[in-house]
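Worksheet: one structure, shown below.
The values are calculated or read from the model by the stated rules, or taken from the named source; none is laboratory data. These figures come from a predicted structure and were not determined experimentally. For neighbour counting, all protein chains shown are included, and Cβ atoms are generated from backbone atoms with ideal geometry for every residue, glycine included. Remember, those area values only see protein heavy atoms, side chains included, never the ligands or the DNA or RNA. Shrake-Rupley method; radii C 1.70, N 1.55, O 1.52, S 1.80 Å.
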Amino acid sequence: MKKQFVYFVLIAACIASCGVSKNAADNKTVFADNIIVAHRGAWKKNNLPENSVASLKHAIELKYAGSEFDVRMTADDSLIVNHDPHYNKLPIEKTNYADLIAFKLSNGEKLPTLREYILTGVENNISTRLVCEIKPSEISKERGKTIAAKVVQLVHKLKAQHKVEYISFDYDILKKIIEIDPKASTQYLEGNKSPDQLKADGISGADYHFSVFKNRPEWIESAKKNNITLNAWTVNEAADMDWLLANGFDFITTDESELLFERIKISPTAAGWKLVWSDEFDYTGLPDSTKWTYEVGGHGWGNNEQQFYLEKSLENSYVKEGKLHIAALKKDFENLHYTSARLTTYEKFSLQYGKIEVLAKLPEGKGNWPAIWMLPESIRKKTEPWPLCGEIDIMEHVGKDPNMIHVSLHSQLYNHMHNTQITHFEKFPDVFNTFRLYAVEWTENSIKFYIDNNLFYEAYKGQDGKVTTNEGWPFDKPYFLILNLAIGGNWGGEVDDTIFPNVMQVDYVRFYQKTDLN
Ligand code: MG
């Protein structure tokens, strides 16, 4: 803790001094690091018109990292700020400026010119980028490039080049901008170019609809490798924000900036965690075989469990509508009367220390026993037997005791066979109808269990005078994750045969580690 604080002070001191010297040297801005780009300004909460000067001013007041706006050109070559190609039913490109400004914005403001907008943006603003979207011309491709050239000239004339970043759906508009100003920051919006291509063409960022990145997650890594700025639009749902934050996006463009601000505060990345492995289940069919292995069998798994775990059985483990489903069925298989699935990341991904998050909705019903837990590689490699190897139970629930969430640690000396395991259980509401985030933060000396980002229980090395060697604290080796739905057995108990099919759903699994200070 002390070390972290010192580090923080050093970083803070560096940022402060760097900022001062930069300001003194070239009048550059020290941008806010909150990654929020207000889409068409910060308009929503105060019911301001989009793209109004008032919405830009509010984004600056709130010290957002960026405020986005849209530029178009009138018939008589005035650059104005408006999203749609029409303003009060008049086609902007075919109407003179004087005729357009006869109509006020809903807050009484005049339709802003780009000049007025930028002058506002450079005044009393040390933190907010002006994210300038140049709309393609509906008249001709050439006119679009002409607009781009005029915008860049104006930005330079107003000495605003350090605050302005250019975005466009038209690739040629961006290329035109770089031709005029090779130092200009440009981000492409259409989503149909790879980060490699952007890099080759001198474009500095990929600002794509978030679904593009969900469909092509490999572009995230590739952008980072190529030093291509990552931005996503227009992100208004908490779940999408969380995903982009987990993936370390540089910017998120949103209409819901207050919500994003809240999500940033609880994001693991804000606390210094780096995503190292994940499955978002954004596909259909069997679980991704590059990420998951099956544990198969019907021998009771040491607990007299009554299910047979099947491999690659589409009715027992499948991804649908963005969620992994683990389904237990009342179905005879070999000597048993229920089938189910037990998925692990063994030989795909293990980690020693880190943060593990599993967003899951538990199945209701007497006799079931869903679990989210970890075992070390050593037990599979047969270098250590259970319980000497250790076991980390992130979430266990048995249907006969609804809503009672159990978290536990097992070791050679402290385990459930002697009822000496380190454990905590407590009722948590609504686990059957709501996806809850079950998580652990695991360091050398402690394992903290969280539900929905709230601390549920903290276990630590040597607690209550417990032995700290491998026999008492074996949590110092690589562990893999297990997701399974058991039926019956020593803990699940008597089975109500009306509960089937019985399904645990998992929205995502994310593993994080700290690259420093861990
Ligand atoms: Mg826009």
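Mind checking which aspartates and glutamates have their Cα closer than 19 Å to the Cα of LYS63? Skip sequence neighbours fewer than 8 apart in that chain. Hits, sequence-local ones excluded: ASP33, GLU50, GLU123, GLU165, ASP250, ASP255, GLU256, GLU258, GLU262. Local charge for ILE451 was computed over the other residues whose Cβ lies under 15 Å away, with Lys and Arg +1 and Asp and Glu -1, and equals -4. The share of accessible area on the stretch 29-96 that comes from carbon and sulfur is 47 percent, using a 1.4 angstrom probe.
Under a 1.4 Å probe, what is the accessible area of the chain per residue, stated in Å²?
Accessible area per residue: 45 Å².
Surface composition of the stretch 293-513: carbon and sulfur atoms hold 47% of the protein heavy-atom accessible area at a 1.4 Å probe. Between the Cα long axis of helix 257-266 and the first principal axis of the chain there is an angle of about 40°, rounded to the nearest 10. Summary value for the stretch 293-513: 31 percent relative contact order, contacts being C-alpha pairs under 8 angstrom separated by 6+ residues. Sorting THR383, THR113, THR146 by solvent-accessible area of protein heavy atoms yields THR383, THR146, THR113, largest first, with a 1.4 Å probe. Normalising the average separation of contacting C-alpha pairs (under 8 angstrom, six or more residues apart) by the number of residues puts the relative contact order of the stretch 395-518 at 17 percent.
Measuring against 30 Å, Cα to Cα, the residue pairs LYS57/LYS274; LYS89/LYS141; LYS274/LYS361; LYS176/LYS514; LYS214/LYS477; LYS312/LYS461 contain LYS57/LYS274; LYS176/LYS514; LYS214/LYS477; LYS312/LYS461 as the ones spanning a longer distance.
With respect to the chain, whose longest principal axis is taken over its alpha-carbon atoms, helix 171-180 is tilted by about 60°.
Protein-only accessible surface at a 1.4 angstrom probe places the residues LYS104, LYS44 in the order LYS104, LYS44, largest first. For a straight C-alpha distance cut-off of 12 angstrom, the aspartates and glutamates reachable from LYS291 (same-chain residues fewer than eight places away being disregarded) are ASP279, GLU280, GLU347.
Annotation: extensible slack from GLU262 through ASN304 equals 10.6 nm (criterion: 0.36 nm per residue apart, minus Cα-Cα distance). Ordered by 1.4 Å accessible area with all protein chains kept, ARG436, ARG263, ARG510, ARG216 run largest first as ARG216, ARG263, ARG436, ARG510.
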